[in-house]
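Read the structure below first, then the notes.
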Amino acid sequence: MLVKVLHNGNCSKSNAVLEYLDENGVSFEIINIIEDPLSVLEIKTVLKKLNQSVFHIIRKTDKLYIENYADKNYSEEEWIKILSENPSLIQRPILVKGSVAMLGRPIENVKFFIEK
């Protein structure tokens with residue numbers, strides 16, 4: 001089954017997962033979330049497949065988050081809109097396989113996910 005990888009080319013962890021998939025012969029499709037940001041609906045779909053709230057995929061160590069959002073109290077809907085407008089705030093990589101998804105870190109979890 002094809003694995004979709006929500007990817008940011010500037011992220012070392014994201015690049016490491018792509019390398020791992022390639023080395024292990026896993027078919028994958030790269031979705032560059034920086035060049036082609038996810039819509040609100042796409043983020044909601046990914047969250048459903050992750051079985052997580054939006055708060056699970058926010059990069060709280062990102063400079064943009066710290067400077068603009070850290071002290072705010074946004075709702076889940078508001079956060080989804082913020083992430084659609086600021087894709088660098090999304091944890092990556094996120095791997096999607098059919099109806100399930102997972103955060104692609106640590107790399108050990110990726111092995112379990114692709115073999116499942």
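The structure-derived value of percent of Cα pairs over 25 Å apart appears in the list (i) 19; (ii) 37; (iii) 22 under the label (i). Pairs from the list 81/116; 44/116; 13/81; 4/60 with a Cα-Cα gap above 27 Å: 81/116. With N the number of residues in region 45-88, Rg(Cα) / (2.2 N^0.38 Å) evaluates to 1.11. Once the Cβ-Cβ distance of residue 31 and residue 72 is raised to the sixth power relative to R0 = 30 Å, the FRET efficiency obtained is 0.60. Dipole size of region 37-116 about its Cα centre, with +1 on Lys/Arg Cβ and -1 on Asp/Glu Cβ: approximately 340 debye, rounded to the nearest 20. Once the chain from residue 23 to residue 42 is taken as fully extended at 0.36 nm per residue, the excess over their C-alpha distance is 4.0 nm. If you run the Gaussian network model on the chain, springs between alpha carbon atoms under 10 Å, then out of 95, 18, 41 the most flexible one is 41.
Taking 7 Å steps out from each Cα toward its Cβ at residue 100 and residue 51 produces label points 0.8 nm apart. For region 25-70, what D do you get in µm² per second when you plug the Kirkwood radius from alpha-carbon pairs into Stokes-Einstein at 25 °C and 0.890 mPa s? Diffusion coefficient, whole number: 195 µm²/s.
Read-outs: derived from the displayed coordinates by stated rules, not from any lab. Quick caveat: nothing in here was measured; it's all calculated off a predicted structure. So basically every Cβ, Gly included, is an ideal-geometry build from the backbone, and we count neighbours across all protein chains shown.
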